[in-house]
Amino acid sequence: MDDDDSDVGLRKIIHVDMDAFFASVEQRDEPSLRGQPVAVGGASGRGVVAAASYEARQFGVRSAMPSSRAVRLCPDLIFCKPRFEVYREVSQQIRAIFRDYTPHVEPLSLDEAYLDVTHDLKGIGSATRIAEQIRARIKAQTQLTASAGVSYNKYLAKLASDQNKPDGLCVIRPGEGAQFVAGLPVRRFHGIGPRGAEKMARLGIETGADLAARDIAFLRAQFGSMGDYLFGAARGIDHRPVRADRERKSVGGERTFHENISDPAELRDTCQRIAGIVWERIEAAKARGRTVTLKLRYGDFTTLTRARSLAHWVADEQEFSALGMALLDELMPLPQPVRLMGLTLSALEREDEKASEADAQLSLL
């Protein structure tokens, strides 16, 4: 993507995503962990995997997975306690590199961000060359690898950054978006979990091309408000701008289940695990807030939210988790099984009175 891309009014967007960020930092700082299956998170009790190295992922270990299950999948798994101060410090190094090229940086979390380099500060003109330079500088300065996606909108850039992981680069040029998306399995689309993919398969939809063949009325009838998103996604369409340093409104996370859940005990246990992961994100962002919101999505894609606000800041993980479970208990018994659950803390104020990270939701998937 070079100079002439802007002549037709297209943006030049880069999505940079660090490879297994937390686990890679641990392997960098402790040589004995290199090449070993590593998980960042709690190793016992109700512990949850916050991040997994690529060696661990080969065994099926994933973030948001209960630690007990992770150990069953990978008996030699090595657990490391999270060091968010270190991760924040490395993240700040990486963002300083980004801002050498553009002021238009939208962080999504400590380990990923969108950059709009339509008019870059160095006058390079090529988003691909900028992405190559950024990846090289990150490796030289932090000894960590990053993957990058380059395209003309945020949706495609994010898909591209995942295409050649780890330590990869993928470019989707103007005119190529619809074709690229057409060849993807629908499971690659953000927001479509295993159960959603199963429902689509029953409807004869398995690829982006299958999805693009359905009209918007059909998608709205089958998937409700998500139908509009699916219609655009199947065509590689995304008009969202990169929003630099917008004030964070909330910190949260959500999880799509492999199988829909209806058992109350299992739902409460899942709610507690999500609360633990989200609270780590809250601490990493140095944020505090007064409102807790529970999000549930049923098997038919109907989405429900319930919130509770306090007169004081939510004090700690225990109070955050208790509020989430209280909201869940008020909805019991549920009318149908749940395919997705999320928890969010909002009405935020950072400890330093200044919000600098940009994404409203941090996915646990």
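In the set S161, S151, S225, S147, which member is under 27 Å from T293 (Cα atoms), in contact (Cβ under 8 Å) with a residue 60 or more places away in the chain and of a type outside the set (A, V, I, L, M, F, W, C)? So that I can check it myself, show each step before the final result.
Details: S161 fails: under 27 Å from T293 (Cα atoms); S151 fails: under 27 Å from T293 (Cα atoms); S147 fails: under 27 Å from T293 (Cα atoms).
Testing whether each residue is under 27 Å from T293 (Cα atoms), in contact (Cβ under 8 Å) with a residue 60 or more places away in the chain and of a type outside the set (A, V, I, L, M, F, W, C) leaves just S225.
For the range 250-275, which positions are surrounded by 18 or more Cβ atoms within 10 Å (Cβ to Cβ) and free of Cβ contacts under 8 Å to residues at least 40 places away in the same chain?
none
Does K81 meet the test of being modelled with pLDDT of 95 or more and either among the basic types (K, R) or in contact with a Lys or Arg (Cβ under 8 Å, 6 or more places away or on another chain) (or both)?
Working: modelled with pLDDT of 95 or more: no; either among the basic types (K, R) or in contact with a Lys or Arg (Cβ under 8 Å, 6 or more places away or on another chain) (or both): yes.
It is false that K81 is modelled with pLDDT of 95 or more and either among the basic types (K, R) or in contact with a Lys or Arg (Cβ under 8 Å, 6 or more places away or on another chain) (or both).
For the range 27-61: of the residues being in contact with a Pro (Cβ under 9 Å, 6 or more places away or on another chain) and of a type in the set (D, E, K, R), which is farthest from L169 (Cα to Cα)?
R46
Inside the range 102-152, can you point out the residues that are more than 19 Å from Y87 (Cα to Cα) and crowded, with 24+ Cβ neighbours inside 10 Å?
The answer is L115, V117, A127, I130, A131, A148, G149, V150, S151, Y152.
Inside the range 164-178, can you point out the residues that are more than 18 Å from H239 (Cα to Cα) and either touching a residue at least 60 places away in the same chain (Cβ under 8 Å) or surrounded by fewer than 16 Cβ atoms within 10 Å (Cβ to Cβ) (or both)?
Listed by number, the residues that qualify are N164, K165, P166, D167, V171.
Given the structure, is L334 surrounded by 14 or more Cβ atoms within 10 Å (Cβ to Cβ), under 20 Å from the mean Cα position of the chain (by Cα) and not in a helix (DSSP H, G or I)? Full working, then the answer.
On the way: surrounded by 14 or more Cβ atoms within 10 Å (Cβ to Cβ): yes; under 20 Å from the mean Cα position of the chain (by Cα): no; not in a helix (DSSP H, G or I): yes.
When the stated conditions are applied, L334 does not pass them.
So which residues in the range 258-286 are among the basic types (K, R), touching a strand residue (DSSP E or B) at 6+ places or on another chain (Cβ under 7 Å) and in a helix (DSSP H, G or I), if there are any at all? Before the answer, list the steps.
Initial filter on the range 258-286 (among the basic types (K, R)): 268, 273, 281, 286.
Within this subset, residues satisfying the condition of being touching a strand residue (DSSP E or B) at 6+ places or on another chain (Cβ under 7 Å) are 273, 281, 286.
Once the filter is applied, which keeps residues that are among the basic types (K, R), touching a strand residue (DSSP E or B) at 6+ places or on another chain (Cβ under 7 Å) and in a helix (DSSP H, G or I), the range 258-286 yields R273, R281.
Based on this model, can you work out whether V278 counts as buried (at least 18 other Cβ atoms within 10 Å of the Cβ) and either assigned by TED's automatic domain parsing to the domain that holds E106 or within 19 Å of T344 (Cβ to Cβ) (or both)? Let's see the steps before the verdict.
On the way: buried (at least 18 other Cβ atoms within 10 Å of the Cβ): yes; either assigned by TED's automatic domain parsing to the domain that holds E106 or within 19 Å of T344 (Cβ to Cβ) (or both): yes.
In short, yes.
Considering only residues that are within 19 Å of T270 (Cα to Cα), surrounded by 14 or more Cβ atoms within 10 Å (Cβ to Cβ) and out of contact with any Phe, Trp or Tyr (no Cβ under 9 Å at 6 or more places or on another chain), which ones fall in the range 70-84?
Scanning the range 70-84 gives no hits.
Taking the range 252-271 as the search range and keeping residues that are of a type in the set (G, A, S) and under 15 Å from A64 (Cβ atoms), which one is farthest from the chain's Cα centre (by Cα)?
Step one: list which residues in the range 252-271 are of a type in the set (G, A, S), which gives 252-253, 262, 265.
Those still in the list that are under 15 Å from A64 (Cβ atoms) too: 252-253.
Numbers: G252: 11, G253: 9 Å.
Looking at residues that are of a type in the set (G, A, S) and under 15 Å from A64 (Cβ atoms), I get G252.
Could you please let me know if R255 is part of a strand (DSSP E or B), within 23 Å of P107 (Cα to Cα) and either among the small types (G, A, S) or in contact with a Ser or Thr (Cβ under 8 Å, 6 or more places away or on another chain) (or both)?
When the stated conditions are applied, R255 passes them.
Within the range 236-246, does at least one residue satisfy the condition of being in a helix (DSSP H, G or I) and modelled with pLDDT under 95?
The initial filter retains those residues of the range 236-246 that are in a helix (DSSP H, G or I), namely none.
The answer is no, given that none of the residues of the range 236-246 is in a helix (DSSP H, G or I) and modelled with pLDDT under 95.
Mind listing whichever residues of the range 197-215 are out of contact with any Leu (no Cβ under 9 Å at 6 or more places or on another chain) and closer than 22 Å to R297 by Cβ?
Passing the criteria: A197, E198, K199, A201, R202, L203, E206.
Looking for something of a type in the set (S, T, N, Q), closer than 28 Å to E55 by Cβ and either at pLDDT 95 or above or in contact with a helix residue (DSSP H, G or I) (Cβ under 7 Å, 6 or more places away or on another chain) (or both) - is there at least one such residue anywhere in the range 205-216? Walk me through it before giving the result.
Step one: of the range 205-216, the residues of a type in the set (S, T, N, Q) are 207.
This time we only want the ones that are closer than 28 Å to E55 by Cβ, so: none.
No, the range 205-216 has no match at all.
Can you find a residue in the range 238-245 that is more than 27 Å from G177 (Cα to Cα) and outside the structural domain of A197 (by TED's automatic domain parsing)?
yes
The values are calculated or read from the model by the stated rules, or taken from the named source; none is laboratory data. None of the values given here were measured: they were computed from a predicted structure. Cβ atoms come from the backbone with ideal geometry, glycine included; neighbour counts cover every protein chain shown.
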